[in-house]
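We did not get these values from a lab; they are worked out from the coordinates using the rules stated. These numbers were taken from a predicted model, which means no experiment stands behind them. Cβ placement follows ideal geometry from the backbone for every residue including glycine, while neighbour counts extend to all protein chains displayed.
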Amino acid sequence: MTGAVQSVLGKIKGIMNTGNKPTGKFSLSVFLVVLVFLYLPLAILILNSFNASKSMSWEGFSLRWYNELFFSPSWVSLWKTFGNSAVAALTSATAATVVGTLGAIGLYWYRFRAKKAIQIAAFMPMLIPEIIIGVSLAMLFASTKLPMSLFTVILAHTTFNIPFVLLVVMARLESFDFMIIEAAYDLGATEYQALSKVILPAVFPGIIAAFLIAVTLSLDDFVVAFFVAGPGGSTLPVYLESRLKLGIPPVINALSVVIIAGTVVLAFLSRNIVKYMFHSNK
Amino acid sequence: MRKNYGPLYAAPMAAWMILFFVIPTAIIFSYSFMTKDMHGGVIYEFTLSAYRALNNPTFFKVAFNTIWVAFAATILMVALAMPASYYMARSKHKNFFLLLIIIPFLTNSMIKIFAWMGVFWIDSGLLNSFLLWAGVIDHPIRFLYNTNAVIVVTAYTYLPFAILPLYTTIDKFDFSLLEAARDLGASKLTATLRILLPNIRGGITTAVLFTFTSAFGNLAIPSLIGGNDSYMLSNFIRHEFNIARNWPLVSSMSVILTIMTTIAVLIFMRLNRSPVEVARENREAVNKPAGSTARAAGTGGAV
């Protein structure tokens with residue numbers, strides 16, 4: 001283990017040294033502090049997932065927590081909420097991507113009455129604390145006698161995902177030449193043909209990025225789901241929060257490693273989402 | 001002239017946002033002026049009692065704690081994120097470093113919180129084990145369940161949200177401007193403060209807005225990492241909603257929370273105006289042309 005850490009550190013040091021541009025020692029040291037700060041807790045968690053001991057002191061390598069996570073009946077409820085999270089993430093991301101992409105095209109290329117108002121209403125949820133979205137939707141659902149379930153979670157997640165889809169797809173549209181679409185119209189394309197043959201293929205990378213961001217945000221959400229999830233509709237973060245209030249079961253280490261592994265794969269696939277999400281137009 | 005399809009494209013989104021954002025927000029606002037029903041819900045009678053109920057020391061303490069946590073965590077994040085993203089943007093290996101930040105950025109927050117519970121845990125947690133081993137302490141310390149722990153974990157959770165927008169802006173910055181400033185005799189610090197900072201305002205704004213709003217309304221971190229004396233507004237809202245079922249009070253607190261965030265955002269955006277905006281405002285105020293910025297830039301180019 002220490003050997004592995006040293007070799008990784010050695011590698012990082014090597015990478016740092018080969019930079020030929022002048023960079024300050026100060027920014028380098030802060031960056032290293034940031035990396036240690038970000039990765040040390042995760043490294044400990046990964047290490048502990050292979051710990052034979054129930055406590056956190058090391059007592060030898062073991063896969064018992066993985067065995068318990070996947071095969072013990074006491075964690076069936078965890079997998080049910082895991083499934084709920086996956087369903088909520090995929091459905092709400094799909095709905096938000098469709099609605100948000102069409103909205104982005106409408107807002108970006110056309111002028112019409114109420115455009116400004118729609119834009120404000122669509123971006124606002126991003127700026128107000130998420131708990132307000134959770135509480136207000138819970139009150140809406142309760143007032144309209146819509147029973148809380150996984151379905152209400154999907155509605156709520158779609159709502160907070162739309163602004164992010166809008167942001168990302170509009171960023172993509174900015175780097176896109178409207179002349180191409182004019183050309184399509186001049187050549188006799190109908191609006192539907194222009195949309196499906198020209199616009200959507202051109203903004204496709206943005207759409208994929210938006211979808212991935214929406215999936216991630218939905219999987220990450222605790223506070224909104226906490227207020228709007230009904231019986232049987234709990235998501236994984238809601239389940240985890242209720243478990244972690246009582247202690248830190250070692251099985252969660254194993255679960256975390258499984259999720260982190262998925263995250264690393266997702267990170268490789270979605271490196272370019274950053275440039276859409278945080279691109280600044282000012 | 002072609003038909004204007006704009007409204008058609010925007011209609012589903014407009015309908016969705018009206019139904020699931022505008023109406024619920026209106027509900028919260030109106031419920032905050034209504035009378036409490038015993039079993040959750042409200043009685044449609046106008047009253048200000050939900051706002052009057054906020055006028056008590058406990059609420060002020062919680063509100064102050066919320067501001068403090070969000071403020072401290074944001075400062076901590078930006079202080080770490082600025083030098084770190086500067087280093088990343090100037091490095092030869094920026095794509096690799098970017099990946100190293102994207103992984104924690106995408107990692108589930110509940111796992112990040114869980115990881116820190118392991119670090120702070122009193123019984124053989126990482127920090128206690130280390131301090132005991134190093135001989136700094138002779139019996140374990142309770143790191144969890146207080147405000148400082150909440151600040152650290154909040155900063156940890158949202159640090160990538162501060163780094164990524166700063167990195168993307170700094171990456172677009174023309175570093176030769178810094179070298180020019182140094183050649184013209186500016187110190188490293190002056191060059192950073194007067195050339196780099198004004199040019200990356202957009203990134204700073206995004207970073208602060210993302211981190212501050214997220215920290216301000218967070219529920220999971222104070223509820224798992226905080227203790228009774230580190231209650232934040234969201235804990236309060238949760239308690240009133242689930243246990244006390246006082247909907248008007250939940251609504252008035254939500255209104256206050258929204259107003260506080262909005263004010264903080266507006267103050268920050270005001271402080272973080274670009275020199276061009278400030279110049280424009282001054283010009284409008286004094287009605288005097290301010291061409292000094294352009295002239296300075298012109299001289300710089302000639303040199």
For the stretch B:136-146, Karplus-derived ³J(HN,Hα) couplings (6.51, -1.76, 1.60; θ = phi - 60°; whole Hz; x for glycine and proline) come out as 6, 10, 10, 9, x, 9, 8, 7, 6, 6, 8
In whole Hz, the Karplus estimates of ³J(HN,Hα) for the stretch A:140-156 (6.51, -1.76, 1.60; θ = phi - 60°; x where Gly or Pro) are 4, 5, 5, 5, 8, 6, 7, x, 5, 7, 5, 4, 5, 4, 4, 4, 5
So the angle from the long Cα axis of helix A:200-220 to the longest Cα principal axis of chain A, reported in degrees to the nearest 10, equals 40 degrees
Going from the fewest other Cβ atoms within 10 Å to the most, one would list B:263, B:102, B:256, B:221 as B:263, B:256, B:102, B:221
Sorted by chain and number, the residues with a modelled amide H under 5 Å from that of residue B:36, at a separation of 5 or more or across chains, are B:43
In nm, the gap between the two label points placed 7 Å beyond Cα toward Cβ at residue B:259 and residue B:141 is 4.0 nm
Hydrophobic long helices for chain B, i.e. whole DSSP H runs reaching 20 angstrom or more by Cα along the axis with Kyte-Doolittle mean at least 1.6, come out as B:247-271
The set of residues whose placed amide H lies less than 5 Å from the amide H of residue B:146, leaving out same-chain residues fewer than 5 positions away, is B:227
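Would you work out the charge dipole size for the protein assembly as shown about its Cα centre, treating the Cβ of every Lys and Arg as +1 and the Cβ of every Asp and Glu as -1, and quote it to the nearest 20 debye?
Details: 42 positive and 24 negative charges, 213 e Å.
So the magnitude is around 1020 debye.
Once Rh for the stretch A:34-102 is found with the Kirkwood sum over Cα pairs, what is the Stokes-Einstein diffusion coefficient at 37 °C and 0.692 mPa s, in µm²/s? Please report the intermediate quantities before stating the final value.
Values: Rh = 15.2 Å.
This corresponds to a translational diffusion coefficient of 215 µm²/s.
Rounded to the nearest 20 debye, what is the charge dipole size of chain B about its Cα centre when +1 sits on each Lys and Arg Cβ and -1 on each Asp and Glu Cβ?
Working: 23 positive and 13 negative charges, 181 e Å.
The calculation lands at about 860 debye.
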When the charge dipole of the protein assembly as shown is computed with +1 at the Cβ of Lys and Arg and -1 at the Cβ of Asp and Glu, the Cα pointing farthest to the positive end, of B:32, B:177, B:118, is that of B:177
For the stretch A:130-136, Karplus-derived ³J(HN,Hα) couplings (6.51, -1.76, 1.60; θ = phi - 60°; whole Hz; x for glycine and proline) come out as 4, 4, 5, 4, x, 5, 5
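Checking the a/c ratio against 1.5 first, then a/b against b/c, what shape does the Cα gyration tensor give for the stretch B:30-272? Could you put the intermediate results ahead of the total?
On the way: a/c = 2.61, a/b = 1.47, b/c = 1.77.
Taking the square roots of the gyration eigenvalues as a ≥ b ≥ c, the stretch B:30-272 is oblate.
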So for chain A, using the alpha carbon gyration tensor with a ≥ b ≥ c as root eigenvalues (a/c under 1.5 gives rounded; past that, a/b versus b/c decides prolate or oblate), I'd call it oblate
Given unit charges at Cβ for Lys, Arg (+) and Asp, Glu (-), the dipole magnitude of chain A about its Cα centre in debye, nearest 20, is 460 debye
Protection proxy (average C-beta count within 10 Å per residue), highest first, orders B:198-205, B:70-77 as B:70-77, B:198-205
Given B:5-16, A:46-57, the highest-first ranking by average Cβ count within 10 Å works out to B:5-16, A:46-57
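Across peptide A:117-129, how many C-beta atoms of other chains are within 10 Å of each residue C-beta, on average? Walk me through the intermediate numbers first.
On the way: counts 4, 9, 4, 1, 8, 6, 1, 5, 4, 3, 7, 11, 18.
Taking all residues of A:117-129 together, the mean is 6.
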With Cα coordinates, the longest principal axis of chain A makes an angle with the long axis of helix A:2-18, in degrees rounded to 10, of 40 degrees
The farthest towards the positive end of the charge dipole of chain A, of the residues A:74, A:37, A:236, given +1 on Cβ of Lys and Arg and -1 on Cβ of Asp and Glu, is A:37
Farthest towards the positive end of the dipole of the stretch B:30-272, among B:91, B:129, B:186 and with Cβ unit charges of +1 on Lys and Arg and -1 on Asp and Glu, lies the Cα of B:186
